[in-house]
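Have a look at the structure below before the remarks.
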Amino acid sequence: MFVSHQKRKYPTPRQITIWTLKRNKMTGREIVKQIQVDPAFVSRSLKEANKRIKALIEEVGKMNKIKIQMINGELGIARGYSHILNISAYITFSPINGLQVWYEHKGECTSCEEYAECRKALLQEFKERNIEVPNPTVRPTDLSDYLFEKIEAMLE
């Protein structure tokens with residue numbers, strides 16, 4: 001069986017800048033003033049960035065066989081379920097971290113060889129989403145639980 005893979009485009013650097021400012025609660029008018037472009041440019045760029053981010057997240061979901069239950073291009077987040085692994089998963093988009101898949105699990109973080117990288121990526125997600133880190137010394141698995149709880153609240 002032939003499986004088609006469509007190449008998805010990342011947002012341009014300018015689109016990422018506008019998307020990030022909007023995600024950080026700036027109004028369109030404030031963005032126009034800050035980056036000195038016309039309102040129509042901001043609107044078009046934001047729509048295109050949201051569309052591209054959503055398409056990228058959907059593609060990652062398909063590649064990882066995650067059935068997406070909720071997706072939000074404006075926040076760069078999707079929640080889904082991996083029937084292969086029988087666990088929930090989140091897919092995030094971040095200008096620094098790129099696309100990440102986070103599987104819900106209770107791991108033994110201290111013995112994991114990905115500990116430092118996972119922790120760094122999670123702390124970056126907190127920073128970019130302006131979410132206060134409850135206790136930076138807790139295990140990455142606990143940080144991820146807290147992060148996704150806060151993100152879920154943003155979606156309501």
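Looking only at the range 30-87, filter to residues that are assigned to a strand (DSSP E or B) and polar (S, T, N, Q); which one of those is surrounded by the fewest Cβ atoms within 10 Å (Cβ to Cβ)?
Of the range 30-87, the ones assigned to a strand (DSSP E or B) are 66-72, 77-82, 87.
Within this subset, residues satisfying the condition of being polar (S, T, N, Q) are 69, 72, 82.
Numbers: GLN69: 12, ASN72: 16, SER82: 17.
Out of the qualifying residues, it is GLN69.
Which of the residues that make up the range 120-133 are of a type outside the set (Val, Ile, Thr) and under 16 Å from MET154 (Cβ atoms)?
GLU125, PHE126, LYS127, GLU128, ARG129, ASN130, GLU132
Out of all the residues in the range 13-36, is one or more in contact with an Asp or Glu (Cβ under 8 Å, 6 or more places away or on another chain) and free of Cβ contacts under 8 Å to residues at least 24 places away in the same chain?
Yes - at least one qualifying residue is present in the range 13-36.
Restricting attention to the range 23-40, does a residue exist that is at pLDDT below 95 and within 16 Å of LEU99 (Cβ to Cβ)?
Yes: one or more hits.
(1) under 29 Å from GLN15 (Cβ atoms); (2) in contact with a strand residue (DSSP E or B) (Cβ under 7 Å, 6 or more places away or on another chain): which one isn't true of SER88, the others all being true?
The number of the failed condition is (1).
Among the listed residues GLU152, GLU113, GLU125, GLU117, identify the single one that is modelled with pLDDT under 90, among the acidic types (Asp, Glu) and not in a loop (DSSP other than H, G, I, E, B). Break it down stepwise before answering.
Values: GLU113 fails: not in a loop (DSSP other than H, G, I, E, B); GLU125 fails: modelled with pLDDT under 90; GLU117 fails: modelled with pLDDT under 90.
Of GLU152, GLU113, GLU125, GLU117, the one residue that is modelled with pLDDT under 90, among the acidic types (Asp, Glu) and not in a loop (DSSP other than H, G, I, E, B) is GLU152.
The values are calculated or read from the model by the stated rules, or taken from the named source; none is laboratory data. For clarity, every value in this text was computed on a predicted model and none was experimentally measured. As a convention, Cβ positions derive from the backbone with ideal geometry for all residues, glycine included, and neighbour counts pool all protein chains shown.
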